[in-house]
Amino acid sequence: MRKEYREEDVSVDRNSTKNKIVYGGTAFMGKYFQPEIETASQDQIRQWQNERLVKQVKHVYDNVKMYRERMDELGVKPEDIKGVEDLHKLPFTTKDDLRDQYPYGLLATSLDNCVRIHSTSGTTGRRVVAFYTQHDLDLWDDCCARAIVAAGGSEKDVVHVCYGYGLFTGGSGLHGGSHRLGALTLPMSSGNTDRQIQFMTDLGSTILCCTPSYAAYLAESIIERGMRDKIKLKAGIFGAEAWTEEMRHDIEKKLGIKAYDIYGLTEISGPGVSFECEEQSGMHINEDHFIAEVIDPKTGEVLPDGEKGELVFTSITKEAFPLLRYRTRDICILSHKKCSCGRTHVKMTKPLGRSDDMLIVKGVNVFPSQIESVLLNQGYDPNYQIVVTRKNNSDNIKVQVEMSDAMVSESADQLNAREKKLVSGLKGMLGILAEVNLVVPKTITRSEGKAVRVIDMRNLYENK
Ligand SMILES: [Zn+2]
């Protein structure tokens, strides 16, 4: 099923001074898609980053008015940027900038050169659109192919993609990566669970790509239908929403697979900006394409390795929509510690929260992932909803949790005891009192795409 490559596609010229970027790779070694890149020395990676950043800053300055004006305001000229050590001199880009510049303001190439548009699922205000040239799509495919190989994939696999297709980047990203690898791709898109399971069993899907909440839902549905021993899945690549280690173990156990995390965002390209390897402890960032920084979200100061802060990306190889120092709002930690998989690219933790969807309840920072981890620890499925209300200036947090089928037949006393145990577990984790309601199975609306975990009814920002 391997696609044909031209000779030059499968080699990397390590000594190139022309900043040549090579598409495609080889999974011949089984372990890496592009071994020369994924296991390059830190010095080599830094050299690529230096060369590409210098070129990218010039490209952006020459072609994007917003960046030219911002750099002029800061008194920074493209020639002042000689490498990664000068990155801090460049302006940040925020999601508001992307909205303000909608649709063409940040486009750095002629529209004729673009072949694709994707968009974020913006819930408020104007959407964010991102443009891609064929070169941009090729590099994105490589990044996703690296992720699939890191999850144990090869051209022999059947890759079942049930991320949504369309404007959302999830479907197209993993689809492109699977093609690039030469695997057999099943472009299922999301929804229609019966068909998903039928194709999965009939066509022998081996790698599942979707959101973790949908993977959990599929696992539940497969077990319900007694199909567990009919599936051939060995791995899953799950991203596009926050999930906990407990949820990973739950999915792995139910489906009998290894579950890998993948990270990305439309603004930077899509899934595959970083991905997990066999160590399953953080995601390798594709540093030959993206320079990562972690900053203090309040001051913008760059933080050293190991410190928690807001993740910032500069895309150094994109042509159409290259962003400088894009503030992701994801709170992460970076680590250059040696990884047992042999990859040398820096690792980021799973986002530990979003600086913009963190809840502040009774003055305490609450991340939905903390609540999820308490539920899973006490044996509940990750089917829950957090409702926050405010009455007489006092916050109230209520967590609705679905019982398992077995729990439904328990006595009222037993269920009361369960609720008390959850309240106590949540108090321990959050430091505040949360009300807990156990509800019958299937009460909480399941989303086949992203799960809505939080309903904040306080309208905190309305009167400001
Ligand atoms: Zn690794």
Practice problem: Please quote Rg/Rh for the chain to two decimal places, taking the Kirkwood radius as Rh and restricting both calculations to Cα atoms. | Solution: 0.98
Quiz item: In degrees, nearest 10, range 0 to 90: what is the angle between the Cα axis of helix 212-224 and the longest Cα principal axis of the chain?
Solution: 50
Quiz prompt | Difference of contour (0.36 nm per residue) and Cα-Cα distance, Lys308 to Ser424 | solution = 39.0 nm
Quiz item: Given R₀ = 30 Å, FRET efficiency for Glu278-Tyr165 by Cβ-Cβ distance, to 0.05?
Solution: 0.55
Practice problem: Could you list the GluC sites (Glu not before Pro) in the stretch 391-427 that lie in coil according to DSSP, counting only those with at most 11 other Cβ atoms within 10 Å of their Cβ? | Solution: none
Quiz item: With respect to the cross-link table entries Lys156/Lys230; Lys234/Lys254; Lys95/Lys298, which display a Cα-Cα separation exceeding 21 Å?
Solution: none
Practice problem: May I ask you to sort Val60, Val273, Val440, Val76 by Cβ crowding, counting other Cβ atoms within 10 Å and putting the fewest first? | Solution: Val440, Val76, Val60, Val273
Quiz item: Which percent, nearest 5, of DSSP beta bridges in the stretch 1-354 are antiparallel?
Solution: 65
Quiz item: Over the Cα atoms of the stretch 77-229, what is the Rg over Rh ratio if Rh follows Kirkwood?
Solution: 1.07
Quiz prompt | For the chain, Cys with no neighbouring Cys Cβ under 4.7 Å | solution = Cys114, Cys143, Cys144, Cys209, Cys332, Cys339
Self-check item: Taking Arg418, Arg180 and counting other C-beta atoms within 10 Å, the order from fewest to most
Solution: Arg418, Arg180
Quiz prompt | Pairs beyond 25 Å (Cα-Cα), from Lys55/Lys308; Lys258/Lys427; Lys253/Lys442; Lys338/Lys427; Lys31/Lys258; Lys31/Lys347 | solution = Lys55/Lys308; Lys258/Lys427; Lys338/Lys427
Quiz item: By how many nm would the segment from Arg390 to Lys82 lengthen if fully extended, with 0.36 nm per residue of separation less the alpha-carbon distance?
Solution: 105.7 nm
Exercise. Assuming R0 = 56 Å, can you tell me the calculated FRET efficiency for the pair Asp405 and Asn113, based on Cβ-Cβ distance, to the nearest 0.05?
Key: 0.50
Quiz item: Taking 0.36 nm per intervening residue step and subtracting the Cα-Cα distance, what contour gain separates Lys362 from Lys65 on full extension?
Solution: 102.5 nm
Quiz item: Which angle between 0 and 90 degrees, to the nearest 10, do you get for helix 412-430 versus the longest principal axis of the chain when only C-alpha atoms count?
Solution: 30
Exercise. Within 10 Å of each residue's Cβ, count the other Cβ atoms and sort Trp140, Trp48, Trp243 from fewest upward.
Key: Trp48, Trp243, Trp140
Quiz item: Once the Cα gyration tensor of the stretch 227-287 is diagonalised, what are the square roots of 5 times its eigenvalues, in whole Å and ordered largest first, as equivalent ellipsoid semi-axes?
Solution: 24, 12, 11
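Every number in this text was worked out from the coordinates using simple rules, so none of it is lab data. None of these values were measured; they are calculated from a predicted model. Cβ atoms come from the backbone with ideal geometry, glycine included; neighbour counts cover every protein chain shown.
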